[in-house]
Amino acid sequence: LVAILTYHVVSGKVMSTDLSNGQKAATVQGQNVTVSIADGAVRISGAKVIAADVVAKNGVVHIIDKVILPPNM
């Protein structure tokens, strides 16, 4: 469970305006997620971003429409 949860976390404050198509981002879990931008939609390793730039006290949240799993799971 820890590996799945930490695969959803990237260190630093990454706003939607910082993202680019094909970008790789290192997760706290240790593997990369991939950003894809097409047809007005942003996806993180296949999961569609349904709400972006939700600012919290401890960072920024981008809400996705499904759980993403590390490639080795």
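The values are calculated or read from the model by the stated rules, or taken from the named source; none is laboratory data. Owing to the predicted nature of the structure, the values given are computational and were not obtained by experimental measurement. Glycine also receives a Cβ, built like all others from the backbone with ideal geometry; neighbour counts cover every protein chain displayed. With ligands, DNA and RNA removed, areas are computed over all heavy atoms of the protein, side chains included. Shrake-Rupley method; radii C 1.70, N 1.55, O 1.52, S 1.80 Å.
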Please find, within the range 29-65, the residue that is farthest from Ala3 (Cα to Cα) out of those that are at pLDDT below 95 and open to solvent by less than 50 Å² (accessible area, probe 1.4 Å).
-> Ala56
Output yes when any residue across the range 20-28 is surrounded by 10 or more Cβ atoms within 10 Å (Cβ to Cβ), out of contact with any Phe, Trp or Tyr (no Cβ under 7 Å at 6 or more places or on another chain) and modelled with pLDDT under 95, and no when none is.
-> no
For Leu69, all conditions in the list (1) part of a loop (DSSP other than H, G, I, E, B); (2) of a type in the set (A, V, I, L, M, F, W, C); (3) surrounded by 11 or more Cβ atoms within 10 Å (Cβ to Cβ); (4) within 11 Å of the chain's Cα centre (by Cα) hold save one; what is the number of the exception?
-> (4)
Selection from the range 6-19 of residues of a type in the set (D, E, K, R) and either in contact with a helix residue (DSSP H, G or I) (Cβ under 7 Å, 6 or more places away or on another chain) or exposed (fewer than 12 other Cβ atoms within 10 Å of the Cβ) (or both) yields Lys13
